[in-house]
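The values are calculated or read from the model by the stated rules, or taken from the named source; none is laboratory data. These numbers were taken from a predicted model, which means no experiment stands behind them. All Cβ positions, even for glycine, are placed from backbone atoms using ideal geometry, and neighbour counts span all protein chains on display.
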Amino acid sequence: MPLSSEKSKAASDMTTTVTDPRLQALTHWLHQVIAPSEGLSLTAVSGDASFRRYFRARQGERSWIVMDAPPAKEDCHPFCAIAEQWRHCGVNVPEIFAEDHDQGFLLLSDFGDDLLLGLLNEDSADRLYRQAIDHLLAIQICEQPALHPLPPYDRALLAREMELFRDWLVTQKLGLDLSADEHQLLDKSFEQLINNALEQPQVCVHRDYHSRNLLLSPQREIAVLDFQDAVMGPITYDLVSLLRDCYVSWPQEQVRTWALYYLSEATEQGLTQAKPSQFLRWFDLMGVQRHLKAAGIFARLSIRDGKHGYLKDVPRTVGYIDSVLANYPEFEAFHRWLQARVLPALSQLSAG
């Protein structure tokens, strides 16, 4: 549910004739679940990279977030089951006031618009990241929802995600025609990254734990959004999503300090007994897997969905991959290939 730092837009009084059929149905539903509904207004807030849309409903001093998730494209059940379980574990996720799974509508508590992305600076970053790390630990020690056992972040899913890089970014967006040797190199590198992920302790993984899905509530507490795709997977996945964010970057030494703060707290919680060197290797290589996936998704959003704004985040995302691979001799061939083939093509894409 990434409510962006952009201003809310497309204000629509609920008594106005609506041409959007789903918005019309949503408006009718809100009049039923918020009673009395006099003075109720609906304003669109930025959507995300899925088929979901979000609106802010206001009535006087009260406000809610309304999720529109078309049932043919999205399933609200995981969101509801995970939200209930995580709230029980003390994770600050939206409260669900009303739900209609047949239509794909949810009425949620409103945490406001203070995304971490817009609040992070040199003065606030250390405090906010430590808060986010503490909240991440609460997620990781939480038991799985009884009504929605979390699927495993298994070999097949890890591989499928990295294929997004090869297919959507390298082949389709950059137009590179890969040789048999290049395909073999990618296959081998992907396998190494999968093994790194599977050897880690497996915990509850949000899968998009970053500055556009975390915000400060009006009570100035970390609040967590967009968790419906949670799985059981590698312990470093969400941490690298947070600290090597596709939308903002920090100096390597600072990232290392935060990662080791997490390790100290996770060790105390009994989540891992890894030594710092082992943990940082897990963290680095998990980041490569995630950033391969993210770069592919950004390209897919441009090609398939016409959402070209995400392309500006591709150079930073691929840059993370480049900088990490330089530190691991076993990935030297992959690193050389990335620098020889992908980075030059990416610079031409950016220039164009």
Filtering the range 129-170 down to residues that are without any contact (Cβ under 8 Å) to a residue 60 or more places away in the chain, acidic (Asp, Glu) and either surrounded by fewer than 14 Cβ atoms within 10 Å (Cβ to Cβ) or in a helix (DSSP H, G or I) (or both) yields 143
Here the residues within the range 40-77 that are at pLDDT below 90 and of a type outside the set (Phe, Trp, Tyr) are 45, 46, 47, 48, 49, 50, 52
For the range 122-130, indicate whether the set of residues that are modelled with pLDDT of 95 or more, in contact with a His (Cβ under 9 Å, 6 or more places away or on another chain) and assigned by TED's automatic domain parsing to the domain that holds residue 308 is non-empty. no
The condition of being over 27 Å from residue 82 (Cβ atoms), over 20 Å from the mean Cα position of the chain (by Cα) and outside any loop (DSSP other than H, G, I, E, B) holds, among 177, 126, only for 126
In the range 54-88, anything hydroxyl-bearing (Ser, Thr, Tyr) and within 19 Å of the chain's Cα centre (by Cα) is listed as 54
Checked 191, 182, 161 against criteria (out of contact with any helix residue (DSSP H, G or I) (no Cβ under 7 Å at 6 or more places or on another chain) and at pLDDT 95 or above); the one match is 191
message = Condition (residue is of a type in the set (A, V, I, L, M, F, W, C) and not in a helix (DSSP H, G or I)) applied to the range 187-197: is it met by at least one residue?
response = no
Those residues of the range 249-290 which are in contact with a strand residue (DSSP E or B) (Cβ under 8 Å, 6 or more places away or on another chain) and buried (at least 20 other Cβ atoms within 10 Å of the Cβ) amount to 282, 286
Residue 192: passes all of (1) closer than 23 Å to residue 170 by Cβ; (2) in contact with a Phe, Trp or Tyr (Cβ under 6 Å, 6 or more places away or on another chain); (3) not basic (Lys, Arg) but (2)
Exception for residue 80 within (1) at pLDDT 95 or above; (2) assigned to a strand (DSSP E or B) falls at (2)
Within the range 66-103, restricting to residues that are among the small types (Gly, Ala, Ser) and either closer than 14 Å to residue 222 by Cβ or in contact (Cβ under 8 Å) with a residue 60 or more places away in the chain (or both), the one that is surrounded by the most Cβ atoms within 10 Å (Cβ to Cβ) is 83
